[in-house]
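**Student:** Before we start, here is the structure in question, set down as structure tokens.
The values are calculated or read from the model by the stated rules, or taken from the named source; none is laboratory data. The model shown is predicted, which means the values in this text are computed figures rather than measured ones. Here the Cβ positions follow ideal geometry from the backbone for every residue, glycine too, while neighbour counts run over all protein chains shown.
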Amino acid sequence: MSEPTNNNANSSEQASVSEFNTSRRILMGPGPSDVHPRVLKAMSTPLIGHLDPEFLMIMDDIKKMVQRCFQTKNDLTFVVSAPGSAGMETSLVNLLEPGDEALICIHGVFGNRLADVAERCGATVIKVESPWGESIDPNQVKDALQKCSPKIVAIVHAETSTGVLQPLDEIGKMTRDAGALFVVDAVTSFCGTELKVDEWGIDAIYSGSQKCLSAPPGLSPVSFSDRAVHAMEQRKTKVQSWFLDLSMVRNYWSGAKRAYHHTAPVSAMFAMREALRIVLEEGLENRFERHWTNHYLLMEGIEELGFKMLVKEGFRLPMLNSVLLPEGLDEASIRSILLNEYDIEVGAGLGALAGKIWRIGLMGESSSPNHINMLLSALKEITNR
Ligand SMILES: *Cc1c(COP(=O)(O)O)cnc(C)c1O
């Protein structure tokens, strides 16, 4: 950001704030990712009202495309007008009532957040944990399910804090066999790696706009199975959040009488529609393959520079690479040189991994050989100084 000019020093009445002029960053962190110019252009479309029939048609298009990207036929599929964490909260506040048991799998920051939200719903939380950097072993879930009868089992598909891809099929099957609802955090995996909501028996799923979808942050695509909807209809208590109560917001997104619920972020929805169009033009399979190809390309180059992958082979995320720095390199100062001199953003470690790793994102538009070449060349220059 350029220095603000202090030209209002003596005029408190006519305070003027200079135009902002942000640097042109290359986004290679844990989100937001780079956004296609078509998406930015869509966002600058003149406003229409949030109940304008033309806007309702845009919402319908968004719903259809989100269903395709989640690979689901779920009718209750829409986009929450708030970031990924609000999608998480939507899933839990609608499914949990005080006194319910919730089995929460924790293998990083976002598993902890799920447990925190579930506790705030008044649920009794049973935690299944694995060390950060590892996935949850289905046997852990199996053992836990023998000692409780939870209403939901919740797990993070792509743990952005560690770079772990969590296999879901076995745990999903156990969850259904136990009569529980399967809740999945797909904030980072959505549109970046294989994700089959119907085939995998997922009952509630939420994502975010700013990761592999490459739309601006602030929106959360979600989807709920008929089983989940049935469970919501059986509630004895009101959902404690007015804004996130699906029984009300769903009438804004579908049905015969589309009723006002809140003022939708119209411009952000324009962007969402265009970002989804771009995903489907590329094709989901092609997009997943691109994310894998670029992951291998980055890995090859960064290992040559002495970095090591944190996560063991077979459990690595294609869109979020957790790397341990070579001995003797100060992670914080190199990260700041990357940002300030090369305009490249990479992510720092979180929680237990703070100061130990970098999280290099190759999400959506940021998953490209050019991004990788820029980062690797910059790192070569910096480390040869
Ligand atoms: C980013 C992220 C979230 C939170 O999304 P926000 O948009 O930051 O609220 C939740 N879960 C995972 C796995 C994430 O990567």
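**Student:** Identify the residue in region 204-218 that is assigned to a loop (DSSP other than H, G, I, E, B) and in contact with an Asp or Glu (Cβ under 9 Å, 6 or more places away or on another chain) and, among all such residues, is farthest from the ligand (Cβ to nearest atom). Full working, then the answer.
**Tutor:** To start, the set of residues in region 204-218 that are assigned to a loop (DSSP other than H, G, I, E, B) comprises 207-218.
Add one more test, that the residue is in contact with an Asp or Glu (Cβ under 9 Å, 6 or more places away or on another chain), and what stays is 207, 214-215.
On the way: 207: 9, 214: 13, 215: 11 Å.
By that ranking, first place goes to 214.
**Student:** Which residue out of 177, 198, 203 is without any contact (Cβ under 8 Å) to a residue 24 or more places away in the chain and in contact with a helix residue (DSSP H, G or I) (Cβ under 9 Å, 6 or more places away or on another chain)? Give the derivation first.
**Tutor:** Working: 198 fails: without any contact (Cβ under 8 Å) to a residue 24 or more places away in the chain; 203 fails: without any contact (Cβ under 8 Å) to a residue 24 or more places away in the chain.
Criteria check complete, one pass: 177.
**Student:** Mind telling me which of the residues 291, 295, 262 ends up being surrounded by fewer than 14 Cβ atoms within 10 Å (Cβ to Cβ), closer than 30 Å to residue 41 by Cβ and either of a type outside the set (Val, Ile, Thr) or at pLDDT below 95 (or both)? Don't jump to the end; show me each part of the working.
**Tutor:** Details: 291 fails: surrounded by fewer than 14 Cβ atoms within 10 Å (Cβ to Cβ); 295 fails: surrounded by fewer than 14 Cβ atoms within 10 Å (Cβ to Cβ).
From the options 291, 295, 262, the qualifying one is 262.
**Student:** Right, next: Just one of (1) at pLDDT below 95; (2) hydroxyl-bearing (Ser, Thr, Tyr); (3) buried (at least 17 other Cβ atoms within 10 Å of the Cβ) trips up residue 252, so point out which.
**Tutor:** Every listed condition holds for residue 252 apart from (1).
**Student:** Give region 74-96 a look and list any residue that's more than 12 Å from the ligand (Cβ to nearest atom) and part of a helix (DSSP H, G or I), or say none.
**Tutor:** 92, 93, 94, 95 - these are the residues of region 74-96 that are more than 12 Å from the ligand (Cβ to nearest atom) and part of a helix (DSSP H, G or I).
**Student:** Would you mind finding the one in 259, 228 that is part of a loop (DSSP other than H, G, I, E, B), in the same structural domain as residue 96 (by TED's automatic domain parsing) and among the aliphatic types (A, V, I, L, M)?
**Tutor:** On the way: 228 fails: part of a loop (DSSP other than H, G, I, E, B).
Result of the check over 259, 228: 259.
**Student:** With respect to residue 11, is the statement that it is modelled with pLDDT under 95 and in a loop (DSSP other than H, G, I, E, B) true? Explain how you work it out, then say what you get.
**Tutor:** On the way: modelled with pLDDT under 95: yes; in a loop (DSSP other than H, G, I, E, B): yes.
So residue 11 fits the description; yes.
**Student:** Could you tell me which of the residues 144, 115, 154 is in the same structural domain as residue 203 (by TED's automatic domain parsing) and in a strand (DSSP E or B)? Even if it seems obvious, please write down each step before you answer.
**Tutor:** Values: 144 fails: in a strand (DSSP E or B); 115 fails: in a strand (DSSP E or B).
After ruling out the rest, the residue left standing is 154.
**Student:** Right, next: When you scan region 188-203, how many residues do you find that are surrounded by fewer than 24 Cβ atoms within 10 Å (Cβ to Cβ) and either among the polar types (S, T, N, Q) or within 15 Å of the ligand (Cβ to nearest atom) (or both)?
**Tutor:** Residues meeting the conditions: 1.
**Student:** Could you grab the pairs with beta carbons closer than 8 Å, sequence gap of 6+ or different chains, first residue in region 304-329 and closer than 16 Å to residue 375 by Cα and within 16 Å of the ligand (Cβ to nearest atom), second one of a type in the set (Val, Ile, Thr) and in a loop (DSSP other than H, G, I, E, B)?
**Tutor:** Listed by first residue and then by second, the contacts come to 319/188; 319/193; 320/160; 320/188; 322/162; 322/311.
**Student:** So, one more: Is it the case that region 103-111 has a residue that's within 16 Å of the ligand (Cβ to nearest atom), assigned to a loop (DSSP other than H, G, I, E, B) and at pLDDT 95 or above? Quick ask: steps written out before the conclusion?
**Tutor:** First pass over region 103-111, keeping only residues within 16 Å of the ligand (Cβ to nearest atom): 104-111.
If we keep only those that are assigned to a loop (DSSP other than H, G, I, E, B) as well, we get 107-108.
Narrowing the set further to residues that are at pLDDT 95 or above leaves 107-108.
The answer is yes; a qualifying residue exists.
**Student:** I would also like to ask the following. Looking at 99, 122, 133 in this structure, which one is within 16 Å of the ligand (Cβ to nearest atom), at positive phi and touching a residue at least 24 places away in the same chain (Cβ under 8 Å)? Even if it seems obvious, please write down each step before you answer.
**Tutor:** Numbers: 99 fails: within 16 Å of the ligand (Cβ to nearest atom); 122 fails: within 16 Å of the ligand (Cβ to nearest atom).
Answer to the check: 133.
**Student:** Counting only residues that are surrounded by fewer than 20 Cβ atoms within 10 Å (Cβ to Cβ) and within 16 Å of the ligand (Cβ to nearest atom), how many does region 136-184 have?
**Tutor:** Adding up the residues that qualify gives 1.
**Student:** Same structure, new question: Do we have residue 54 as out of contact with any Ser or Thr (no Cβ under 6 Å at 6 or more places or on another chain), charged (D, E, K, R), modelled with pLDDT under 95 and surrounded by fewer than 10 Cβ atoms within 10 Å (Cβ to Cβ) here?
**Tutor:** Taking the combined requirement at face value, the residue does not satisfy it.
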